[in-house]
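The values are calculated or read from the model by the stated rules, or taken from the named source; none is laboratory data. This one's a predicted model, so the numbers in the text were calculated from it and none came from an experiment. No Cβ is skipped: glycine too gets one built from the backbone with ideal geometry, and neighbour counts run over all protein chains shown. Calculation scope for accessible area: heavy atoms of the full protein, side chains included, ligands and nucleic acids excluded. Shrake-Rupley method; radii C 1.70, N 1.55, O 1.52, S 1.80 Å.
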Amino acid sequence: MNWHNLLPKEVHLPDIKARELLRYLGPGILVTVGFIDPGNWAANIAAGSDYGYTLLWMVTLSTIMLIILQHNAAHLGIATGYCLSEAASAFLPKWLSRTVLGSAVGAAIATAVAEILGMAIALRILFGLPLTVGAVLAGITSAALLWTNSYSRLEKWIIGFVSLIGFSFLLELNMASIDWLQAAHGWVVPEVPQGSLPIIMSVLGAVVMPHNLFLHSEVIQSRQWNLENDLLIRRQLRYEFLDTLFSMLIGWAINSAMILVAAATFFQAGIHVETMEQAEAMLRPLLGDAASLIFAVALLFAGFASTSTAGMAGGSIFAGIFGEAYNIKDPHSRWGVLLTYVCAVLIIFFINDPFSGLIFSQLLLSVQLPITIFLQIYLTSSPKIMGKYANNFRLKLTLLIIGAIVSGLNIWLLVDYLLNG
């Protein structure tokens, strides 16, 4: 695919300088952890353990859609100075914007449920802490991280965590015996085995996450670029796309690695995984003691990093309802962060099956996702809002196709549920 054909002609610049590109890296990495969170772990482990390499194609398709959507969301922030939530409040009727943004806050809470729950599971594996105690500690720790860090410092923390998670799965892959021929087939050939649709949708919701679209537009516009300088805007659009592409490919590799490890171990052994602890324990005889420790530590890092971004997204969406940008010193942003974390922790107190809770949270994200996608298409396609940086016809058509695919999968899931229970 020629990615440049999906960009407005104004963003095409002739030269890319490596040193200058490094100045623009960061927002994409910050967003990447959102789709390598514990919810992804559960969805990917379920996909690999139950269906082997068959569902790898969904990671590929989801990542392609994600690259286009994330760049388009950042495009809004760069060209207008609004994040997605602020733009919705500014350009939609109040009743509609609050309905849409209310559902987006719900998506951020569902995301935080998975991420805090994942941290709590990791703490239980490593230290034997009760799940509820671990959830409270995770929420408090993540809130403290947001309260004390600027974007630039947070980006450095996140890049470090992503590096550790990626390194952990490289070690796991090295220990497992992967059938690369089957994996290559699974990456590019779509198959929907009987009963796999809920897992497919959970993988979709785990990769293309609504809160990440809001977060990316917020983080990118927070850098306060000069909106009057056309050359600077065009340069930022180009470098941001490369940042997004690089970061999302890292996410694709890590998500694929999760399915590969699960397929090569649990699926080959005929083991159906129902808990994270079960997955960690079963890796010991299959891959050795080091693998189970790596699994637990990587899960903790993934949860810690992604919980922070979920809180930031919740704060950004909530502040946007009042026409404000995210600022942790502002009451609306703080209330949004607290709402996200407190609701998530309270929900965890009522979850009896943590593994199913992780997967169900990702299903909820896939249900909300079409709302966010069509909101984004409306905003970024409007010349009134975007000026000359509005989506061109090709990009708008591509985004509409993505929205139609996601909506169609949701309708398919609903029909499947009604027919088969």
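Observations, loosely collected:
- Qualifying residue in segment 125-134 (condition: outside any helix (DSSP H, G or I), under 30 Å from Gln236 (Cβ atoms) and open to solvent by 10 Å² or more (accessible area, probe 1.4 Å)): no
- Scanning segment 46-70 for residues that are part of a helix (DSSP H, G or I) and open to solvent by 10 Å² or more (accessible area, probe 1.4 Å), we see that the one that is nearest to Gly314 (Cα to Cα) is Ile68.
- Of the helices (runs of 4 or more DSSP H) lying entirely inside segment 324-413, those containing at least 2 residues that are touching a residue at least 60 places away in the same chain (Cβ under 8 Å) and within 23 Å of Ile116 (Cα to Cα) span 331-348, 354-381.
- Taken together, the residues in segment 278-323 that are assigned to a loop (DSSP other than H, G, I, E, B) and either open to solvent by less than 20 Å² (accessible area, probe 1.4 Å) or aromatic (Phe, Trp, Tyr) (or both) amount to 1.
- Single match in Pro383, Pro354 (criterion: surrounded by fewer than 24 Cβ atoms within 10 Å (Cβ to Cβ) and modelled with pLDDT of 90 or more): Pro383
- Summed over segment 313-323, residues that are in contact with a Leu (Cβ under 6 Å, 6 or more places away or on another chain) and within 13 Å of Glu115 (Cβ to Cβ) total 1.
- Once segment 170-183 is narrowed to residues that are open to solvent by less than 50 Å² (accessible area, probe 1.4 Å) and in a helix (DSSP H, G or I), the residue that is farthest from Gly288 (Cα to Cα) is Ala183.
- Count of segment 229-252 residues which are touching a helix residue (DSSP H, G or I) at 6+ places or on another chain (Cβ under 7 Å), among the acidic types (Asp, Glu) and at pLDDT below 75: 1
- Some residue of segment 99-117 being at negative phi, in a loop (DSSP other than H, G, I, E, B) and surrounded by fewer than 24 Cβ atoms within 10 Å (Cβ to Cβ): no
- For Gly403, the stated conditions hold: it is under 19 Å from the mean Cα position of the chain (by Cα) and either hydrophobic (A, V, I, L, M, F, W, C) or within 26 Å of Met58 (Cα to Cα) (or both).
- Failed condition for Leu96, given (1) outside any helix (DSSP H, G or I); (2) free of Cβ contacts under 8 Å to residues at least 24 places away in the same chain: (1)
- Flag if Ile411 is modelled with pLDDT under 95, on the phi < 0 side of the Ramachandran plot, in contact with a helix residue (DSSP H, G or I) (Cβ under 8 Å, 6 or more places away or on another chain) and β-branched (Val, Ile, Thr): no
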